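A.B. asks: Quick one: the structure is below, and I'll ask about it shortly.
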Amino acid sequence: MLALSHGSWFVSYFPLDAEDGAIMRCIDEGRLRAYLDGQVTEDERMAFATHLDGCALCAGRLRALDGDAHVTAALLAHWLPTPSASVAPSEERCASVALARFQATLREEARAIELAPRGPFVVLKEQMTAMLTRLTAPRLRPALAAVSLVTILAVVLAFSPINSLADQLFKTFRVQQFAAVAVRVPGMTELPQPQQVTPDQQLQLQQMLAALGTPTTDATKDTVAEVADSAAAQAFLAQHGATLQVPGQLPAAYSGMTPRYGTAQPTSSTYTLNVATAQQYLALANSPELSSLPWPAGVSQLTFGLDTPAAVATYYGDGQTNGLGIVQMANLPNAGPGAGPALKLPDELDVNAFRAAILALPGLPQDTVAQVKNVQDWDRTLIIPVPQDATTKNVTIDGINGENPGLLILDGQGRGSLLLWQDKGTLYAVGGTVNEADVLLVANNLKPR
Amino acid sequence: MATSVGSDSLARNLANGEPGALASGERQGARFETLFLRHYGRVFGILRRLLGSNEAAEDAAQEVFLRLYRQEAPPPDEAGLSRWLARVATNLGLNILRSDRRQRSHLQHSAVLDRAEEPVREERHDPARVALAQEETATVHAVLDGMGERAQALLILRNSGLAYAEIADALGVAPSSVGTLLARAEREFRKRYEALDRAEGARRTERGE
């Protein structure tokens, strides 16, 4: 009958009397407890209710269990977290979002593992990147990012100090000094840009960005390496005609710390821009001004060259959140005056016309235009775009070979700073999660090892 | 439970049931994605009930799947995997909860002591009552700490609203024994709490509070 259909526990506790089917034994404590929680089947529930009606002993046990359960629940209620009032997200959305996050974590880890042995350069680069990321808008839409990239490219073309070198085979630019121009990064809104870009269009833009040009480089994974000590770093630089400069003084937080040293071989890279793609992209960006830039007629590709000299990075810090780095770039052989990398611009480009067109963009912030126009010595100065909440100042570095003008960039929140200057063919950068005084302290006290 | 085979990582092993004979990483990835999507909701649900918020549950769920991803000897079948995930999620949730509560009860304990020494400045809340509630939470924490891990887990899981079948999965016990274990744990909890509360009451009286 009824009871026979249940599990073995039921049979053992409720053996049916052969005569009348009356329940003979009392209910197991575990089942009574489950009954309280409604964690029994409907058949069990009815059978138990019937039994409890007629069995004072079981009814008493049930009350005792109920008492314990209530006291426990009441006390634990204070201890347990208050359930969130917010609704749980829908399961599918929640799972796919979580999966995307999970995969991003894996990729990030794979990248970290891959890069881990490369040492100070990588750490330095990541911290610098992190600082710059903080400085710039965290969530630029892809389309906006693409616009920014093309704009920056155009700005580089426009602002590069070319005219004095126009008759050379390659238009080569090397840094002799720096100037900062504030750029509203999240507010690139002031530049003509797509107002409503659909996800499909965004995807298309990204693909176009990949089709925009072809990079080549002779850099390999062995280009950057970590070396054991300052002697090895010096030996490396000596091959490239430079002397390692080491800090004579360090900020208190880094004093006494043993630095790590990274070396980078000289590299040669090119970027070949597909002019048609660039124009197509700019047209898609719904910006008549940008699409009417004076591209050279009849030229389908423009090749930009970049030669970077040998460099050494000296890194102090925990490799995580705090760090101080010094980068020293040796001079390039036969690269003319200036320091650091040599940027070679294609002959075909009329850079002056380009620059004029960019500066005439109606959306370009007037203060940016003014700052750019203020820069003297076009053929000597590298324009560094910095976010608007960063502050910059021109400083003088008491360097190895006398006094040199430098550019100090401080992020808006005082979390980091970066100082750039050049000194007789050698380009220096000192930066990290340190303040202005500390950066200057290090820069002003560099000395030959 | 521990129905493990060999030492192949999950990605390799679960990918297509042919350990070591995988063609490409892509298939492993696709297989893991399927598993992730299939089991995420349940893992998240357990953690949300334990931790109380979507954010905390999301963070912890990520950790659960990372552990699965790194598992050298993952459960070979779906049922085993399901139990494995429930158990790992529960243990992780319990650990987070315990360490969180430990800190809180410590803070509250200090707060109670601080308050005892400073004069009552405002009457917005009845300070004596607030102090008592805080002390009660600290006492609950002490009682739980003194109990066996399984009993502790049972009480927390049940009072977080998990069904018996889920509790059984998470603790690796037979579903039919959950009621018995729970009844025992609650009895023990109440007894210990009352004993500790009496002892503290006596101390308070001695201090003349």
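A.B. asks: Would you please name the GluC sites (Glu not before Pro) within region B:63-94 that are DSSP coil residues with at most 11 other C-beta atoms within 10 Å of their C-beta?
C.D. replies: In loop regions of region B:63-94 (DSSP not H, G, I, E or B), the sparsely surrounded GluC sites (Glu not before Pro) are B:Glu72.
A.B. asks: If the chain between A:Glu108 and A:Asp66 were fully stretched, how many nm would it gain, using 0.36 nm times the residue separation less the Cα-Cα distance?
C.D. replies: Stretched out fully, the A:Glu108 to A:Asp66 stretch lengthens by 10.0 nm.
A.B. asks: Please list B:Tyr69, B:Tyr164, A:Tyr35 in order of solvent-accessible area, largest first, computed with a 1.4 Å probe with all protein chains present. Intermediate values should be presented prior to the final figure.
C.D. replies: Values: B:Tyr69 85, B:Tyr164 15, A:Tyr35 50 Å².
The most accessible residue leads, giving B:Tyr69, A:Tyr35, B:Tyr164.
A.B. asks: Accessible area, 1.4 Å probe, largest first: how do A:Lys424, A:Lys344, A:Lys447 sort?
C.D. replies: A:Lys424, A:Lys447, A:Lys344
A.B. asks: What's the local net charge at A:Val246, with K and R +1, D and E -1, over the other residues with C-beta under 14 Å away?
C.D. replies: For residues surrounding A:Val246, the net value is +2.
A.B. asks: To the nearest whole number, what is the average tally of beta carbon atoms from other chains within 10 Å of the beta carbons of peptide B:47-59?
C.D. replies: 4
A.B. asks: Could you work out, residue by residue across B:146-155, how many beta carbons of other chains sit within 10 Å of that residue's beta carbon, and then give the average as an integer?
C.D. replies: Partner Cβ neighbours, averaged per residue: 1.
A.B. asks: Okay, moving on. A:Cys26 to B:Glu194: FRET efficiency via 1/(1 + (r/R0)^6), r the Cβ-Cβ distance, R0 22 Å, to the nearest 0.05?
C.D. replies: In this case the efficiency is close to 0.25.
A.B. asks: So which residues in region B:164-185 end up with at least 20 square angstrom less accessible surface once the other protein chains are there, compared with the chain by itself, probe 1.4 angstrom?
C.D. replies: B:Tyr164, B:Ser176, B:Gly179, B:Thr180, B:Ala183
The values are calculated or read from the model by the stated rules, or taken from the named source; none is laboratory data. What you see is a predicted model, and the numbers here were worked out from it, not measured in a lab. Cβ coordinates were reconstructed from backbone atoms using ideal geometry, including for glycine residues, and neighbour counts include every protein chain displayed. We work out accessible area using only protein heavy atoms, side chains counted, and drop any ligands, DNA or RNA first. Shrake-Rupley method; radii C 1.70, N 1.55, O 1.52, S 1.80 Å.
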